[in-house]
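Every number here is computed from the coordinates shown, using simple stated rules; none is lab data. What you see is a predicted model; the values in this text were computed from it and never measured. Here the Cβ positions follow ideal geometry from the backbone for every residue, glycine too, while neighbour counts run over all protein chains shown.
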Amino acid sequence: MRKNIVAGNWKMNNSLQEGLTLAKDLQKALNGKTVNCDVIVCTPFIHLASIAPELTSIGLGAQNCADKVSGAYTGEVSAAMIASTGAKYVIIGHSERRAYYGETNAILKEKVLLALANGLTPIFCIGEVLAERESGSQNAVVEKQIRESLFDLSVADFGKIVLAYEPVWAIGTGKTATSAQAQEMHAFIRKTVEAKYGKQAAEDVSILYGGSCNAGNAAELFANPDVDGGLIGGASLSVEKFLPIVEAF
């Protein structure tokens, strides 16, 4: 049975002190509340170890991991290091990592394997840019991203993955895919998974929407049968903006 999930991606924001305050305030706001989804925050690397002890009902994740086990890779952070902080999740393949840092499907495949080997749940991002949407190639682009990075996994390992669909043209632009567009792509993703791993695996995988989801549109997006939550950017930096998205389920 797939889970409903709302995950906040803080990106490169908040000092350690600011992050600690935000994490504590969010946990305090959720204490005593009954919510109908899992809540996760994905913070900068330097926050992880300090924030982990403050979270009791919120999952903790990193925003990236290295594609190597260990060694002379100055500035990189391994999946094992992330796991050692108490974090349980890691975002892999975010559109910003693909676009700004040249991360390919082959590199992301290695990151997924290392995350799984270290007991982390990958939140694996897929999605098309505006030119690909306008040319009608969005399905082919998304299918290729999934196939080349994930389809060598066993059924059991694929079952440990969370997917996040990002219409890249709707991130930070103020544009949002319509509810119908989101549902159409999420249904296509689920059918793509079913063709490879079968109906049960497709039914079980959580697929999050990650394109300018906010308090105003979350309920409509989450009402779709194949939209299982959101990967939230800017709105996750404020309890007042993030909590209504959690409560939209």
Which residue, chosen from G93, V162, V142, occupies the Cα position most advanced towards the positive end of the dipole of the chain, where the dipole is computed from +1 (Lys, Arg) and -1 (Asp, Glu) charges on Cβ about the Cα centre? V162
Please list log₁₀ I(q)/I(0) at q = 0.23, 0.25 Å⁻¹ for segment 135-186, using the Debye equation with identical point scatterers on the alpha-carbon positions. -0.99, -1.07
Going from the fewest other Cβ atoms within 10 Å to the most, one would list V6, V193, V155 as V155, V193, V6
So what's the back-of-envelope 222 nm ellipticity for the chain, counting only DSSP H runs of four-plus at -39500 (n - 2.57) apiece and dividing by all residues, rounded to 500? -12000 deg cm²/dmol
Three semi-axes of the equivalent ellipsoid, segment 160-239, Cα gyration tensor, whole Å, largest first: 23, 12, 11
Residues of segment 207-248 with amide nitrogen under 19 Å from the 7 Å Cα-to-Cβ point of N139? 225-227
How would M185, M81 line up from fewest to most surrounding beta-carbon atoms within 10 angstrom? M81, M185
Under 5 Å, built H, 5+ apart or other chain: amide partners of D38: N4, I5, V6
Over the chain, with a Gaussian network built from C-alpha contacts below 10 Å, which listed residue (T43, T178, T74) shows the highest mean-square fluctuation? T74
What is the spin-label model distance, in nm, from A187 to S238 if the labels are put 7 Å beyond Cα along the C-beta direction? 3.5 nm
Listed residues E96, E134, E184, most fluctuating in the chain (Gaussian network, C-alpha, under 10 Å): E134
Report the one residue of A7, G75, L108 whose Cα lies farthest in the direction of the positive end of the charge dipole of segment 1-118 (charges on C-beta: Lys and Arg +1, Asp and Glu -1; origin at the Cα centre). A7
Alpha carbon centre of segment 133-185 versus segment 6-32: separation in Å? 27 Å
Principal axes first, then extents: for the Cα atoms of the chain, list largest minus smallest coordinate on each axis, whole Å, largest first. 46, 44, 33
Build a GNM of the chain with springs between Cα atoms under 10 Å: which of K33, K160, K144 gets the top mean-square fluctuation? K33
Long pairs among K11/K33; K111/K199; K3/K24; K3/K160; K160/K241, criterion Cα-Cα beyond 22 Å: K11/K33; K111/K199; K3/K24; K160/K241
Cut-off under 16 Å on the C-alpha distance; same-chain residues fewer than 8 positions from K144 excluded. Which lysines are left, in chain and number order? K109, K191, K196
